[in-house]
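The values are calculated or read from the model by the stated rules, or taken from the named source; none is laboratory data. Note that the structure is predicted; figures quoted are calculated from it, not measured. FYI the Cβ positions are ideal-geometry reconstructions off the backbone, even for glycines, and counts take in every protein chain you see.
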Amino acid sequence: MDNNFAGDSNPRPKWRKVAYGGMQIGYDDNYTDESFLEEMVMNANVVRRDLLKVMKDSVSISQYLCIVALVVLVWVHTLESSLDENSLLLLDLSLLASGFLILLLTEEKMLSLSLLLRYLLNISFFTTGLYILAPIYQTLTRSISSDSIWAVTVSLLLLHLFLHDYSGSTIKAPGALKHPNLTSCISLNASVVASVFVASRLPSRLHVFAVMLFSLQVFLFAPLVTYCIKKFSFGLHLLFSFALMGLTLYSVYALHKLFFLVFLFLVLLVNVVCPYWLIKMQEYKFEINGPWDEAKLCFDITD
Amino acid sequence: MAEPPKLRVLMVSDFFFPNFGGVENHIYYLSQCLLKLGHKVVVMTHAYGNRSGVRYMTGGLKVYYVPWRPFVMQTTFPTVYGTLPIVRTILRREKITVVHGHQAFSTLCHEALMHARTMGYKVVFTDHSLYGFADVGSIHMNKVLQFSLADIDQAICVSHTSKENTVLRSGLSPAKVFMIPNAVDTAMFKPASVRPSTDVITIVVISRLVYRKGADLLVEVIPKVCRLYPNVRFVVGGDGPKHVRLEEMREKHSLQDRVEMLGAVPHSRVRSVLITGHVFLNSSLTEAFCIAILEAASCGLLTVSTRVGGVPEACNVLPDDMVVLAEPDPDDMVRAIEKAISILPSINPEEMHNRMKKLYSWQDVAKRTEIVYDRALKCSNRNLLERLSRYLSCGAWAGKLFCMVMIVDYLLWRLLQLLQPDEDIEEAPDIFLHHHGEKIN
């Protein structure tokens, strides 16, 4: 409590925010001045978000969900033998060609012939290696029961979806700023292992090769292709995403009605409900800064 | 016969002698001054290696080294109810009236405060550090602090910035928080009898070489200053993970003869290192209250420090008279060092020391702490139900969890009372060491 004698002949001196000199005369140690918490800054670095922009950005996430759903559909059809190995190989080739075409069209810098030849050489090495190793994949999980395989595949795919870097390109695209970080490497590995597990359940060596090539193509290169499309034109990106969503929904509907409902619900959740929820939660944001913060070094520490 | 002590205080913390640091020194000096004022002080801390059991220190200060193992950074392993029996025994034996906990990072302190509240003792807490709000460790620490301080009688902070920080972190009312700064033992930190010659200006740095204490700033600043002033040399005392970077810096700029690395300096030798210098450099990135600056000023050194945390409050004596402040930026620090070197001839170490004696003293701190204890003793007693309502306001889920913890603690206390009634705990006799001779009460 403060003893303030009004009308005293010696008015007490002004309170100063200092630590030296002992107790200040006329003030208790627990005196709280009006300048208390004056230097506190609230919500200095908080980004104010707009609903429409968040919804447009969430289209990237649902686009990737559709891609993964299409891959799973191809796997399911191959395992049910409704898709034979020749059509799969055709699918692989067409995907490779179209991916290349898109990359060529969306890159501002024209790719030189030598670079193109180097890419073709790398791809042929990759494909040959995969073809030679196909028998190993075929017999890899022969001793493991099918149930374990499906369980592991589903969990690995979920892990892949959780940890995926939706704003990047998985492999470093020319001109990209972000280097792949730990979580995106883990997600890539999870998807590759999932494809190996699924491929190992297939009857013939050619099947295994075709499915492995397809899965690896999509998981490794699809993020790069979508990143290039997005960089080239946002409108084209939106068009591509909606087309993909339509194709996926149609294919899932043809497969099983329940899965179609679940997938539709998921897409709506990601595109509509989550952005709205995020904007609603922003009002609870309370960021506190003040003189007690640790100072930030303005230079980089190079070891 | 000596009169019975007016207050009987138990200081609890994980950090005490034989460890050296701000908190440890604070507890030691405060206890010594309270003993001289006629109170009884007992310290409780965890065992350090073989140092376990009861020890007596200068002035009759009794220290209980409770045999609990420290598990990370000198703090005891948190077993929420494990310390209840020993705390109860100590409180009954020594007939304690006030329990004073130190340092938010000390688990022993939080547990002892919790048990003391359950048993109805008055509780005071002192916070010595500044914490942020954003990272996972800080969020967890702040929640624990909120729990500890929900039902406290009074709190003490060592600077105004620290008071603002503590009030924000714990949700405590500002009227309950007292601002009592640390002080410096001016009798120990006397300037050199013969001032070292100013032909070669020596800049002393004594700190732990960690990121938080600005070791990286040192790595940037030292080569710049050595290039600008050929007659300046550095003495760096202290050890830590950034030691390697400083060694690399020495080799890269060939400063082996101008930068002397002393390694870890024991507290008893700090003064002898300080008096070899003219300027003291403190580059920490965050500091609730920097005692090192006071020690340097008491030894007659001019200080250059970063303007962070509670440092500006402690050092604004006269504009740039005893300390030169700089932003935590290498170029600004070099400018501050230049300014310090230019005003060095006008500095009189003896006069600085005498001024420090008037501005900071542990006796003054002890008197102000006494006022806090008296205020705490005047707080009304509350029964369990009233106290539980305070815990409920800590949060939607956390409040209910804290209430459960306190209820279980209360039940365990009653169980202990059944197994070993209060009357069966033997009370320790008070031993006073006065100047006139020993009187045993």
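A few comments on the model shown:
- The set of residues in segment B:116-143 that are more than 17 Å from B:GLY21 (Cα to Cα) and touching a strand residue (DSSP E or B) at 6+ places or on another chain (Cβ under 9 Å) comprises B:ALA116, B:ARG117, B:TYR121, B:LYS122, B:VAL123, B:VAL124, B:PHE125, B:GLY132, B:PHE133, B:ALA134.
- Any hit, segment B:107-120, residues being over 26 Å from B:PHE71 (Cα atoms) and within 14 Å of another protein chain (Cβ to nearest Cβ): no
- Qualifying residue in segment B:425-440 (condition: assigned to a helix (DSSP H, G or I) and farther than 20 Å from B:CYS33 by Cβ): no
- The number of residues in segment A:195-232 being surrounded by fewer than 16 Cβ atoms within 10 Å (Cβ to Cβ) and out of contact with any helix residue (DSSP H, G or I) (no Cβ under 8 Å at 6 or more places or on another chain) comes to 1.
- Against the conditions (1) in contact (Cβ under 8 Å) with a residue 24 or more places away in the chain; (2) more than 30 Å from B:VAL365 (Cα to Cα); (3) buried (at least 16 other Cβ atoms within 10 Å of the Cβ), B:ARG250 satisfies every one except (1).
- Failed criterion for B:SER148 (all others in (1) of a type in the set (S, T, N, Q); (2) touching a strand residue (DSSP E or B) at 6+ places or on another chain (Cβ under 8 Å); (3) closer than 30 Å to B:LEU302 by Cα hold): (3)
- Looking only at segment A:283-303, residues that are among the basic types (Lys, Arg) and either more than 9 Å from chain B (Cβ to nearest Cβ) or under 27 Å from the mean Cα position of the chain (by Cα) (or both) come to 1 in all.
- Meets criteria (within 51 Å of the chain's Cα centre (by Cα), within 14 Å of chain B (Cβ to nearest Cβ) and at pLDDT below 80) for A:VAL18: yes
- Among the residues of this structure, B:THR126 counts as one that is of a type in the set (Ser, Thr, Tyr), crowded, with 24+ Cβ neighbours inside 10 Å and more than 12 Å from chain A (Cβ to nearest Cβ).
- Of all the listed residues (B:SER148, B:SER138, B:SER162), the sole one being facing chain A (nearest Cβ under 9 Å) and assigned to a helix (DSSP H, G or I) is B:SER162.
- For segment B:324-353, filtering for residues that are of a type outside the set (Asp, Glu) and within 14 Å of chain A (Cβ to nearest Cβ) leaves 7.
- Qualifying residue in segment B:178-199 (condition: in contact with a Cys (Cβ under 6 Å, 6 or more places away or on another chain) and farther than 25 Å from B:VAL23 by Cα): no
- Subset of segment B:166-175 [within 7 Å of chain A (Cβ to nearest Cβ) and either touching a residue at least 60 places away in the same chain (Cβ under 8 Å) or farther than 30 Å from B:MET356 by Cβ (or both)]: B:LEU168, B:ALA175
- The lone criterion from (1) under 21 Å from the mean Cα position of the chain (by Cα); (2) at pLDDT 90 or above left unmet by B:SER52 is number (1).
- Looking across segment A:165-217, the residues that are among the hydrophobic types (A, V, I, L, M, F, W, C) and modelled with pLDDT under 85 come down to A:ILE171, A:ALA173, A:ALA176, A:LEU177.
- Top-ranked residue in segment B:176-197 [being under 15 Å from the mean Cα position of the chain (by Cα) and more than 8 Å from every other protein chain (Cβ to nearest Cβ); ranked as surrounded by the fewest Cβ atoms within 10 Å (Cβ to Cβ)]: B:ASP185
- Tabulated pairs, segment B:201-224, first more than 10 Å from chain A (Cβ to nearest Cβ), second among the acidic types (Asp, Glu), C-beta under 7 angstrom, 6+ apart or interchain: B:LEU209/B:ASP239
- Residue that is surrounded by the fewest Cβ atoms within 10 Å (Cβ to Cβ), among those in segment A:31-49 that are in contact (Cβ under 8 Å) with a residue 40 or more places away in the chain and either part of a helix (DSSP H, G or I) or more than 14 Å from chain B (Cβ to nearest Cβ) (or both): A:ARG48
- Residue within segment B:155-164 that is among the basic types (Lys, Arg), farther than 30 Å from B:GLY300 by Cβ and buried (at least 24 other Cβ atoms within 10 Å of the Cβ) present: yes
- Residues of segment B:369-388 that are surrounded by 14 or more Cβ atoms within 10 Å (Cβ to Cβ) and outside any helix (DSSP H, G or I): B:ARG382 alone.
- Scan of segment B:63-110 for residues that are free of Cβ contacts under 8 Å to residues at least 40 places away in the same chain and part of a strand (DSSP E or B), ordered by number: B:TYR64, B:TYR65, B:PHE71, B:VAL72
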